[in-house]
Amino acid sequence: MTSASRPDKTTALLWLAAGKTNRVAAEAAGASPSTVSEWRRNPAFAEELAALTELYGRKPLDGTALLARLEEARDRLAPSASPGGVRKVRVRVPAGASQAEVRRRVARAAVRSLAREVPALKEAVVSDER
């Protein structure tokens, strides 16, 4: 996985629903096996996986229904762009840093985190850093 790519949860869902391992699903999705394990512990992801596994197990396989469910899962599992969403950001601050330096680093980390989700904001962050 390159730093520019984003792991694809729907690809992992499809492979897991087919009975593949976390490692195989992770390779296909561009994530690490531990990330896939973390996704599987998420109740929303687990619900989507259960629904897809049930669809995948039907004989004959209904590919149209499976693809439709994957599209719905992509929408439901997409990160929320709403301002009410909670996002954790890790900030490294050197020992003895002033309160102003701490606030500056936290604000910068928060903006960079949001920029990963909103392309227009990413452009603003890149131009601001130049």
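The values are calculated or read from the model by the stated rules, or taken from the named source; none is laboratory data. None of these values were measured; they are calculated from a predicted model. In this analysis, Cβ positions are derived from the backbone assuming ideal geometry, glycine residues included, and neighbour counts consider all displayed protein chains. For accessibility, only protein heavy atoms count, side chains too; no ligands or nucleic acids. Shrake-Rupley method; radii C 1.70, N 1.55, O 1.52, S 1.80 Å.
Summary of values
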| read-out | value |
| --- | --- |
| Number of the condition not met by residue 117 [criteria: (1) at pLDDT below 70; (2) within 21 Å of the chain's Cα centre (by Cα); (3) open to solvent by less than 70 Å² (accessible area, probe 1.4 Å); (4) over 20 Å from residue 39 (Cβ atoms)] | (4) |
| Considering residues of region 80-98 that are of a type outside the set (A, V, I, L, M) and open to solvent by 80 Å² or more (accessible area, probe 1.4 Å) only, the residue modelled with the highest pLDDT | 96 |
| Criterion (of a type outside the set (Phe, Trp, Tyr), surrounded by 13 or more Cβ atoms within 10 Å (Cβ to Cβ) and assigned to a helix (DSSP H, G or I)) met by exactly one of 51, 31 | 51 |
